[in-house]
2 protein chains.
Amino acid sequence: MDDAQVREALREAILRGEFVPRQRLVEVDLCERFGARRFAVRAALQDLTAEGLVERQPNRGARVREVSLDEAIEISEIRRVVEGLVAARAAERLTDADASRLKSIGQQMRTAVETGEAGTYSDLNAELHATLREIARHEMANRIIAQLRGQMVRHQFALSRVPGRSVASLAQHEAVIDAVVARDPAAAETAMQAHITSVIEALRALGR
Amino acid sequence: MDDAQVREALREAILRGEFVPRQRLVEVDLCERFGARRFAVRAALQDLTAEGLVERQPNRGARVREVSLDEAIEISEIRRVVEGLVAARAAERLTDADASRLKSIGQQMRTAVETGEAGTYSDLNAELHATLREIARHEMANRIIAQLRGQMVRHQFALSRVPGRSVASLAQHEAVIDAVVARDPAAAETAMQAHITSVIEALRALGR
DNA sequence: ATCTACAAGATTGTTAGCAATCTCGTTGAC
DNA sequence: GTCAACGAGATTGCTAACAATCTTGTAGAT
């Protein structure tokens, strides 16, 4: 396994909770776990450190970096403005096929909420956001969002378990879809920002 | 010199134009240039690759990454929303001392434009943006802005040489200062976004 | 029982050198 | 003259091993 593969595998392992915040990431253990040599493991650790998923201290090795609630809120504030930009741009670039697709996702989300399928809703949530990014085709925004997402996974999990969260977010997602499909960039941006403001508020409520 | 020092030195060298876009960054030459061993140079190259300043291809080494005009425009679009967030937050968090400082910078900028000191204006421009970031204290925004800045330096240089650019931007900067000092977050955000929209337009004009 | 000192083991940081790959220049064929 | 093949040199990728640093457990003193 080369360093890019280790990096991908380790990132996924962290995102899925196999390695938890503050956990030591011992090189020799990672070599065994991923079937790689130290060279590749060290390179992967360096990259994941640059990404903010891992922290390293000289002579003391690497740990999964813990993202505080305050930091999660700041990250969400950045997401609010950047995903607002994405939504606005999607509204500008939308094709008819895109519109159909967004409507379809919206309908599936409503069904998932009505039938109480939280996992499906969560998947569709991710799919909606990804679709907007595809439509918008703003490379730099995509890069930033991808990077920030890795750091938020734990808090997102916590949020998804808040009762009523799906119901609340459904209306917001639908508003985003409606505005984008209406090809109204300003409304799309506003709707997306309102949605993520609601995420921020829910995060703040977690801290109380 | 350790890898952090090489990274800083190499970043600075790239930003100041010692190494130009597309230029090969040969490890052994960098070792000599920075008085470092290959280990440190390779680590620095890896980090600067993650930062987007350098690109590396397997077995073919590293080059200074060229940032296209299109990418510069996308970067500026991100800056527009993120620096808008910073301006709004600065407006919320401003102290009286902060206000005095911003006003002082604004006055110096006006003087620089009136006396035709483009270099001074450019420095003050950077200082204004940095001061807003200090006031806002949004760690994640600062990180993103710092990273994007490194990638924009070449296009910023091109912009600063556009005749009349300083005069045009002075009014915009003053509008930002006024809104922040007035503790009006929405106006601050709008003013900052208008300023960077103007940057984006100037960038687009460079391509024609 | 608690605290300190020390040594052993664990782990990270780095080196020197070799293997692998690419680039470029030269030569020969057409 | 152009193009292809080959070899030498340049450069990157990686290894094995050693040095440096930290952590933990044990023994001894109080």
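The values are calculated or read from the model by the stated rules, or taken from the named source; none is laboratory data. Note that the structure is predicted; figures quoted are calculated from it, not measured. Note that each Cβ is placed from the backbone with ideal geometry, even for glycine, and that neighbours are counted across all protein chains shown. These area figures cover heavy atoms from the full protein model, side chains too; ligands, DNA and RNA do not enter into them. Shrake-Rupley method; radii C 1.70, N 1.55, O 1.52, S 1.80 Å.
Some observations on this one:
- Here residue A:71 does not fit the description of being within 16 Å of DNA strand D (Cβ to nearest atom) and surrounded by fewer than 22 Cβ atoms within 10 Å (Cβ to Cβ).
- Scanning the range B:1-52 for residues that are within 19 Å of residue A:58 (Cβ to Cβ) and in contact with a Phe, Trp or Tyr (Cβ under 9 Å, 6 or more places away or on another chain) gives B:1, B:3, B:5, B:6, B:9, B:40, B:41, B:44.
- Residue list for the range B:38-53, restricted to those being at the interface with another protein chain (Cβ under 9 Å from one of its Cβ atoms), touching a residue at least 24 places away in the same chain (Cβ under 8 Å) and more than 16 Å from DNA strand C (Cβ to nearest atom): B:51, B:52
- Against the criterion of being more than 16 Å from DNA strand D (Cβ to nearest atom), among the aliphatic types (A, V, I, L, M) and open to solvent by 30 Å² or more (accessible area, probe 1.4 Å), residue A:20 qualifies.
- All of B:63, B:56, B:80 fail the test of being within 16 Å of DNA strand C (Cβ to nearest atom), over 14 Å from residue B:11 (Cβ atoms) and either touching an Asp or Glu at 6+ places or on another chain (Cβ under 8 Å) or facing another protein chain (nearest Cβ under 10 Å) (or both), apart from B:63.
- Residue in the range A:79-91 that is out of contact with any helix residue (DSSP H, G or I) (no Cβ under 9 Å at 6 or more places or on another chain) and outside the structural domain of residue A:13 (by TED's automatic domain parsing) present: no
- Residues that are within 9 Å of DNA strand D (Cβ to nearest atom) and open to solvent by 70 Å² or more (accessible area, probe 1.4 Å), drawn from the range B:23-62: B:24, B:28, B:29, B:38, B:39, B:42, B:56, B:57, B:58, B:59, B:60
- Selection of the range B:112-161 for residues being over 23 Å from residue B:184 (Cβ atoms), more than 14 Å from every other protein chain (Cβ to nearest Cβ) and β-branched (Val, Ile, Thr) yields B:113, B:115, B:120, B:153.
- Which listed residue, of B:24, B:33, is outside the structural domain of residue B:153 (by TED's automatic domain parsing) and touching a Lys or Arg at 6+ places or on another chain (Cβ under 6 Å): B:24
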